[in-house]
Amino acid sequence: MDVALIVLTFFPWVKINLYLWSGEYSLPSLIQLIGNAQSQASSLLGSYWSGSEIGANVTMFVVVLALAWVGLVASLGFDAYSYFASGTRKFRSVGPVVAIVLALIVLVACFELDVAISGGSGSGLAGMITATGWVWLTLGVAAVELIYIGATDPARA
């Protein structure tokens, strides 16, 4: 399950459909995309962007998203390694919890960005930034793993 969650983080989580710019983006490509957009805006707007609250918020979002993704892959990788390397075969719950939190962050960000773009009117602009099925599958696999950990942990019995 840990390996499945690691693989799912490389699948496209976000679909963007903005007229001339569309595509599906995984978490690493989304982080790079946001980082490039922030640096391009910084070069275009100069000191105004770098000193603005918007620039700071975008930078903070990129940093949080990147750290959460790296933390998720590292914790799942360590968990999978210790599972296969040791004879105890115990899962930890850190990886699935981080996967759920990261998926929820992406879902909330998609919803908020979509509402901001559509102006909350539900017009034809709605649905321009959406989460793909992979983020929902990640949530499902992580929830199943948490249930499995709770059911098989002898300390909880």
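The values are calculated or read from the model by the stated rules, or taken from the named source; none is laboratory data. These numbers were taken from a predicted model, which means no experiment stands behind them. Neighbour counts are summed over all protein chains in view; Cβ atoms, including those assigned to glycine, are modelled from backbone coordinates with ideal geometry. All accessible areas refer to the heavy atoms of the entire protein, side chains included, with ligands and DNA or RNA removed. Shrake-Rupley method; radii C 1.70, N 1.55, O 1.52, S 1.80 Å.
Annotations
- Among the residues of the range 109-146, those identified as out of contact with any helix residue (DSSP H, G or I) (no Cβ under 9 Å at 6 or more places or on another chain), modelled with pLDDT of 90 or more and open to solvent by 30 Å² or more (accessible area, probe 1.4 Å) are 133, 140.
- Test: residue in the range 90-97 that is open to solvent by 30 Å² or more (accessible area, probe 1.4 Å), part of a helix (DSSP H, G or I) and at pLDDT 85 or above: yes
- Contacts under 8 angstrom Cβ, first residue in the range 125-144 being within 15 Å of residue 7 (Cβ to Cβ), partner β-branched (Val, Ile, Thr) and open to solvent by 50 Å² or more (accessible area, probe 1.4 Å), 6 or more apart: 142/97
- Selection count where residues are open to solvent by 30 Å² or more (accessible area, probe 1.4 Å), touching a residue at least 24 places away in the same chain (Cβ under 8 Å) and more than 11 Å from the chain's Cα centre (by Cα), scope the range 1-12: 4
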